[in-house]
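Visitor: Before we start, here is the structure in question, set down as structure tokens.
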Amino acid sequence: MKIYLKKNLSKLEPADDESSEVLRKWKQGDILSCEIKKPRNYEFHKKAFALFNLVFENQDKYDTVQDVLTEIKLRSGHYQEHITVKGVVIYVPKSISFVSMDEAEFNIFYNKAVNIVLKYFIPNTTREDLEKEIALNF
């Protein structure tokens, strides 16, 4: 079961009516286990894909935006190593989906991605100019 909470001083409170209703079912003093994650900001996700699309549109090496994203994931270290039965090490990009990364993790990935874009894809651009261009496209 998933509920949404908001921080109020030193305590967490239900963020909506549905979450309040779920919490009412528990008795005062019950101990509950939970995993705390800040949900991802959809607008920030769109901003990241505006970056990946901008890179794709300004290069001719990759066939799809997904290929660009794969390259960025690999260059940022967002992968896991896999050893084949022949002993060859390959790198498998990890997901950046909403389920696999919270807002803080995605923010770190995004900042690495911007640095990679500035270093390898659009090296004669400042971060400020890149961010302005991204803002025009999402």
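Where a number appears in this text, it was derived from the coordinates with a stated rule and is not lab data. A quick note: this is a predicted structure, and the numbers were derived from the prediction, not measured. Reconstructed Cβ throughout: ideal geometry from the backbone, glycine too, with neighbour counts over all protein chains shown.
Visitor: At most 16 other C-beta atoms within 10 Å and a DSSP loop state: those are the exposed trypsin sites (Lys or Arg not before Pro) I care about. Give me the longest piece of the chain that has none. Walk me through the numbers on the way to the answer.
Guide: Numbers: sites that count: Lys2, Lys25, Lys27, Lys37, Lys61, Lys86, Lys94.
Segment 95-138 is the longest.
Visitor: List every residue whose amide H lies under 5 Å from the amide H of Leu5, counting only residues 5 or more places away in sequence or on a different chain, with H placed 1.01 Å from N in the peptide plane.
Guide: When sequence neighbours closer than 5 places are left aside, the close amide H contacts are Ala15.
Visitor: Between Phe49 and Leu5, what is the label-point separation in nm under the 7 Å Cα-to-beta-carbon projection?
Guide: It works out to 3.1 nm between the two label points.
Visitor: While we're looking at this one, here's another question. Taking 22 Å as R0, compute the FRET efficiency from the Cβ-Cβ separation of Asn111 and Ser33 and round it to 0.05.
Guide: Working from the Cβ atoms, E equals 0.10.
Visitor: May I pose another question? Going through the DSSP H helices of the chain, which span 20 Å or more along their own axis at the Cα atoms while scoring at least -1.0 as a mean Kyte-Doolittle hydropathy?
Guide: Helices meeting the criterion: 42-57.
Visitor: When the Cα centres of region 44-80 and region 109-138 are compared, how far apart do they sit, in Å?
Guide: 11 Å
Visitor: Against the globular-protein guess of 2.2 N^0.38 Å, express the Cα radius of gyration of the chain as a ratio, rounded to two decimals.
Guide: Against the empirical 2.2 N^0.38 Å value, I get 1.40 for the chain.
Visitor: Once the other residues with Cβ under 15 Å from the Cβ of Asp60 are scored (Lys, Arg +1; Asp, Glu -1), what is the net sum?
Guide: -3
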